[in-house]
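Let me begin by presenting the structure, written as structure tokens, before commenting on it.
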Amino acid sequence: MILELRYGKLRYISFIIVDQICLYIANLVSYIIYVRHSQVPYNFSEHIPVFLIMLAVDVEVTLIFNTLQRVMRRRIRYELRETLIHIVCSFLLLSFILFTTKQGADYSRVVVSFAYAYDFILLVLVHIFWRSFLRKLGKKNERPTALLMSSDAFVEEGLQELEKSQVDVKCILLLLNLEIKEISGVPVVSDIDEAAAIICWERLDHVNIYGIDRRTVPEALTIACAEMKIRIEMVDFKYRILNVKTIRNKDAKYGSLTFLEGKRDIPFSIRRVYWITETEANLQRGFHAHKQNCQLLFCPHGVIDINLDDGEEKTTVTLDEPGKGLMLMPGLWRDMVWKQSGSVLCVLASEYYDEGEYIRNYDEFLAYYKKRVNWIQR
Ligand code: TYD
């Protein structure tokens, strides 16, 4: 509720006022129909105390249960569900208040029950009307707006890619909570609920994911986007071949020098470096995937085949010169085959060693892949 208020204060409050008007109309209609058909006399003045409590309960339920969550963007199914929750909770809370204050006998239960039934129908209809009215009132940005989801390793590159596509990034959602408040002037959030509130109230057009395997997108974000009919667009890549700078001396006896520079050449912070040496030809290693870890592989000496599998397609990249690097995103099953004895595999990794983020069973990898794809396509 605090988040909804923070990002859409006036619009959120306008819905509370609209809800109160709906409740007033619902009570009036219910009262008029009751009086016309009932033989029992019932003055509206008798109904006013319970009506005032209903109004107070209505606001309380909205704030406590946050039943206006994402109201500006929500689909009809979610609208019906939240409105039903609102009405049921209001009815129960009102009954509880009347019971504990012993005022149960002084009002017509029939009028109250029907008022809530009419209120349910009114709320659903009026919410739909009110949000389309507010949307029309709102000024549309000239360029499409987006929330960029990325990791600290790829966020700058993601910003540049979206700028090239003429998309305005309004907010960045970092996969890991890195306590960063802004990147290149764009505010950073690390909480899914906050991201969903921004998408809703700032009326962002897209959620763009850059440099993160689509299967690592949190399920809560996928669900929130599906509810708001927001497309999650992947600007990611699975792997990329990099040319590592190499200086060759005219005189071959001096050999060649190949170098990589931190953020300039590698779009992630290097947390770990390891290398595999003293190898024999036809050695095979790997047979795992990572959930988070991005890597840059290179072979400074010898020839190594890297077999990649994303669960759908398989491909092989041969590392056969020191200046050829292979950047791998998480979520790729890989194995390496040493084509020559003594070949050296060097790996720069974005994460510290953590056995928990490895997938070492192929069936588990396929199941993980399938589950994530289903989430994202929902
Ligand atoms: P493993 O990942 O199985 O190597 P590969 O996939 O290339 O065959 O790692 C072998 C062992 O080394 C395993 O017990 C984990 C350990 N290890 C570390 O402790 N830290 C590291 O950074 C790496 C890569 C491995």
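The values are calculated or read from the model by the stated rules, or taken from the named source; none is laboratory data. It should be emphasised that the depicted structure is a prediction, and the values quoted were computed from it without experimental measurement. Cβ atoms come from the backbone with ideal geometry, glycine included; neighbour counts cover every protein chain shown. Surface areas here come from the heavy atoms of the whole protein model, side chains and all, with no ligands, DNA or RNA. Shrake-Rupley method; radii C 1.70, N 1.55, O 1.52, S 1.80 Å.
How about the range 282-323: which strands (runs of 3 or more DSSP E) wholly inside it have at least 2 residues that are of a type in the set (S, T, Y) and loosely packed, with under 14 Cβ neighbours inside 10 Å?
Qualifying strands (runs of 3 or more DSSP E): 314-319.
Taking the options M336, M329, name whichever one is closer than 24 Å to E364 by Cβ and open to solvent by 10 Å² or more (accessible area, probe 1.4 Å).
After applying the criteria, what remains is M336.
Here the strands (runs of 3 or more DSSP E) wholly within the range 112-191 that include at least 1 residues being of a type in the set (K, R) are 168-174.
Per-residue answers, yes or no, for (1) touching a Cys at 6+ places or on another chain (Cβ under 7 Å); (2) over 30 Å from D205 (Cβ atoms); (3) among the β-branched types (V, I, T); (4) open to solvent by less than 40 Å² (accessible area, probe 1.4 Å):
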residue: T222; (1), (2), (3), (4): no, no, yes, yes
residue: E227; (1), (2), (3), (4): no, no, no, yes
residue: I232; (1), (2), (3), (4): yes, no, yes, yes
residue: V244; (1), (2), (3), (4): no, yes, yes, yes
residue: A252; (1), (2), (3), (4): no, yes, no, no
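Number of residues in the range 263-281 that are open to solvent by 40 Å² or more (accessible area, probe 1.4 Å), over 23 Å from G331 (Cβ atoms) and either more than 14 Å from the ligand (Cβ to nearest atom) or not hydrophobic (A, V, I, L, M, F, W, C) (or both): the value is 6.
I'd like the residue in the range 339-348 that is within 12 Å of the ligand (Cβ to nearest atom) and open to solvent by less than 10 Å² (accessible area, probe 1.4 Å) and, out of all such residues, is farthest from I266 (Cα to Cα).
Taking the range 339-348 and keeping what is within 12 Å of the ligand (Cβ to nearest atom), we get 345-348.
Retained after the next criterion (residues that are open to solvent by less than 10 Å² (accessible area, probe 1.4 Å)): 345, 347.
Details: L345: 17, V347: 12 Å.
Checked the range 339-348; the qualifying residue farthest from I266 (Cα to Cα) is L345.
Considering each residue of the range 297-310 in turn, none proves to be within 25 Å of G158 (Cβ to Cβ), within 14 Å of the ligand (Cβ to nearest atom) and not aliphatic (A, V, I, L, M).
Among the residues of the range 355-369, those that are touching a Lys or Arg at 6+ places or on another chain (Cβ under 9 Å) and within 16 Å of the ligand (Cβ to nearest atom) comprise G356, E357, Y358, I359. All told, I212 meets the bar of being at pLDDT below 90, assigned to a loop (DSSP other than H, G, I, E, B) and either hydrophobic (A, V, I, L, M, F, W, C) or open to solvent by 20 Å² or more (accessible area, probe 1.4 Å) (or both).
Of all residues in the range 316-336, those that are farther than 11 Å from L297 by Cα and within 12 Å of the ligand (Cβ to nearest atom) total 3. Does E351 fit the bill of being in a loop (DSSP other than H, G, I, E, B), within 16 Å of the ligand (Cβ to nearest atom) and of a type in the set (D, E, K, R)? Considered against the rule, which asks whether it is in a loop (DSSP other than H, G, I, E, B), within 16 Å of the ligand (Cβ to nearest atom) and of a type in the set (D, E, K, R), E351 comes out as yes. Within the option set F15, F51, being buried (at least 17 other Cβ atoms within 10 Å of the Cβ) and over 16 Å from A115 (Cβ atoms) holds for one residue only, F15.
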